[in-house]
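One structure is given here, and the rest of the page talks about it.
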Amino acid sequence: MTLRRPDRTGAPRMAPEFARALRADGLDLTLVHGPLPRTGPSILPDVAGLGVRAVLEPRLERPWDPRLIRALAERVRRDGGRCVIGVNQSDRAPALLAAARAGVPGVLMVQNQHRFYGRARWPPGSGAATGPSSPGTPPSPSARPRWCATR
């Protein structure tokens, strides 16, 4: 797993949960992380408690550093890694590029990156504001917004 900032905000807060699930399936993990947060707590004690090896990669502070991808790919090959998981939004591209260079799959932890305050503002006429007449009854296909996926 790559993690630019191992602090306790946003995506990094979810990394120990994913690590816990992968460890429960018997997989060995290495968390390659950037510098420790200057203020506030880090997730590193949590992942260490799960048996995840944490390795500092200072180049993750600047994910556009061309040497970063080479260093990550070499680490994957040297450690016998089977995939690279990009956790933070800022380290996803280096994780995928390093995975391609090492010849292993790249996996992204995709999470909502937006903050939500208040009620959603749906486009007029989208049908999103009109629900079924009784709970559990799906809306008619014509009431679905064009951008909604159907099953």
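Taking only C-alpha pairs under 8 Å that are 6+ residues apart, what is the relative contact order of region 1-61 in percent?
For region 1-61, the relative contact order is 43 percent.
Could you pull out every residue, at least 5 positions away or on a different chain, whose amide H is within less than 5 Å of the one on I85? Hs are placed 1.01 Å off N in the peptide plane, and Pro or chain starts have none.
Sorted by chain and number, the residues that satisfy this are T2, V107.
Taking amide H positions as placed 1.01 Å from N in the peptide plane, with prolines and chain starts having none, which residues 5 or more places from D7, or on another chain, fall under 5 Å of its amide H?
So D7 has HN proximity to I43.
Zone of M14 (label point 7 Å along Cα→Cβ, backbone N under 18 Å): which residues in region 37-52?
43-44, 47
We did not get these values from a lab; they are worked out from the coordinates using the rules stated. The structure displayed is predicted, hence computed values, not measured ones. For neighbour counting, all protein chains shown are included, and Cβ atoms are generated from backbone atoms with ideal geometry for every residue, glycine included.
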